[in-house]
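Below: one structure, written as C-alpha cells.
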Amino acid sequence: MKLHAQTPARREFLHTLAGGALGLALAGKGWSAAAKPMRGVFPIGQTPVTESDKLDLECLQNEVRFCNQYQVHGFAWPQIASGWNTLSEKERLDGAEAILAAGKGGRTALVIGVQDKEGKIAQSIAYAKHAAKNGADAVISLPPEKADDKAMIEYYRTIGQATDLPLIVQTQGDTSVDLIVEMARQVPTMKCVKDEAGNPLARVTQIRERTSDKLAVFSGNGVRTMIDEMRLGFSGHCPTTVLSDFYAAAFDLWHAGKRREAFDMFGRIQAFNSIVGAPGYLMVVRGMFKENTKTRGSMGGGGGRGPAAPLDEAARQTVRDAWDQFMKPHLRG
C-alpha cells in the first residue's frame, strides 16, 4: 500500500502534539525527541489465521500498513482482542517480527504485548527484548493473575528494566488508583496506563492529577464512550483496527477544537457498527483480510475464531453498500 502525503494541517497538528505539554512531560521522563508519542488511537490488532488455523502473517501486516496509510496513531498486538493466549511462543515472535517489519519507517507507533500466558516473568522479559531488538516503539503488558500490590509493582518494574522502551501497563479487576500512582513512581519506563479496572471514566481525573499529567491514560473496552473520554482528558483510545482511522479522525478533530465535526465522525462509527456483522466483513472490504480469513479473539461483531466474513451474500452486499454510501466519502489521507 502506498502511503498518502500528510496535509499541512495534519503536519501542524502533529507538531503541536510533539511540542505540547505531553511531549515536554515525556521528554522530562527520558524519552528522546524522536520518540513517537503515546497519544491518539491505538487499535488492538486482530489475529488473522488461515482455514487450517495457521497464523496469516500477510494479513497481520496488512493491518499495520492500513494504520500507516490512514494516519492511525498507533497499533498494539497481541492483547485480549487479539486472542493472545491462543498464540504459541513461535506465533508471538513471528507475528511481532512481521508487524515491526511492515511498519518500519512509518508514522504509526508499534506496541508489542509481552505478557506470558503461564505467567513466567523470564518469558515476558524475552518478549520485551525481542520487541526492542526488532524496532518496537513500546511494549504493553496485562497484569499477572492473582498478584498482590507488591507483586504487581515488582512485575512491572522487572519488565520495565528489561529494555529502554516505554511501558504501557494494562489494568484489570480491582487495580486501584493508589497502585497505579505508586507503579508510576517506582517504574521509570512506565509512560502510560490502559485503564480497564473499575470505572475508568470515574478514575481518569484522579490518575491525571496524582501523576501531574505525566502518565498518559488510555481507554479500552471497545471505546464505546470516546466523546466522554476525550472530554475527561484520556490521552488515547484502543478500538479494533477496522474503523481505527475514523476513530483517529474523531480524535484529531476533537483536539483541533472541532468538537461538532468530531461528534459527527464518531456518530458514523456508531451507526455503521449497528449493522449486524459489518465490522468483521469490513476487514475484507477494506483489503486487510481475505474472504476466508478466520480470527482468534474478538472481531467486534465478526465472531471470534470464526470467519472474518460469516455472512451470506445479501448481508455482505448490505455492508458494501453502507460502506460505499455512508463511510467511504469521509475517508482521509
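The values are calculated or read from the model by the stated rules, or taken from the named source; none is laboratory data. All figures in this text were calculated on a predicted structure; none of them were measured in a lab. Virtual Cβ from ideal backbone geometry, glycine too; neighbours counted across all protein chains shown.
Numbers below:
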item: Wholly within the range 1-110, helices (runs of 4 or more DSSP H) carrying at least 3 residues that are closer than 25 Å to residue 164 by Cβ, of a type outside the set (Ser, Thr, Tyr) and at pLDDT 95 or above; result: 57-69, 89-102
item: Scope the range 314-333; condition farther than 13 Å from residue 284 by Cα and either outside any loop (DSSP other than H, G, I, E, B) or in contact with a Gly (Cβ under 8 Å, 6 or more places away or on another chain) (or both); matching residues; result: 314, 315, 318, 321, 322, 324, 325, 326, 327, 328, 329, 330
item: Residue list for the range 215-229, filter: hydrophobic (A, V, I, L, M, F, W, C) and closer than 27 Å to residue 65 by Cβ; result: 216, 218, 223, 226
item: Looking only at the range 228-265, and only at residues there that are among the hydrophobic types (A, V, I, L, M, F, W, C) and over 23 Å from residue 282 (Cα atoms), the one that is surrounded by the most Cβ atoms within 10 Å (Cβ to Cβ); result: 234
item: Elements of type strands (runs of 3 or more DSSP E) in the range 144-262, at least 1 residues being under 20 Å from residue 35 (Cβ atoms), over 15 Å from the mean Cα position of the chain (by Cα) and free of Cβ contacts under 8 Å to residues at least 40 places away in the same chain; result: 190-194
item: Exclusive hit being surrounded by fewer than 16 Cβ atoms within 10 Å (Cβ to Cβ), of a type in the set (S, T, N, Q) and out of contact with any helix residue (DSSP H, G or I) (no Cβ under 9 Å at 6 or more places or on another chain), set 221, 199; result: 199
item: Residue in the range 115-122 that is at pLDDT 95 or above and crowded, with 17+ Cβ neighbours inside 10 Å present; result: yes
item: Condition met for residue 146 (buried (at least 22 other Cβ atoms within 10 Å of the Cβ) and either of a type outside the set (Phe, Trp, Tyr) or closer than 14 Å to residue 216 by Cα (or both)); result: no
item: Residue 290 under 26 Å from residue 77 (Cα atoms) and either more than 21 Å from the chain's Cα centre (by Cα) or free of Cβ contacts under 8 Å to residues at least 24 places away in the same chain (or both); result: yes
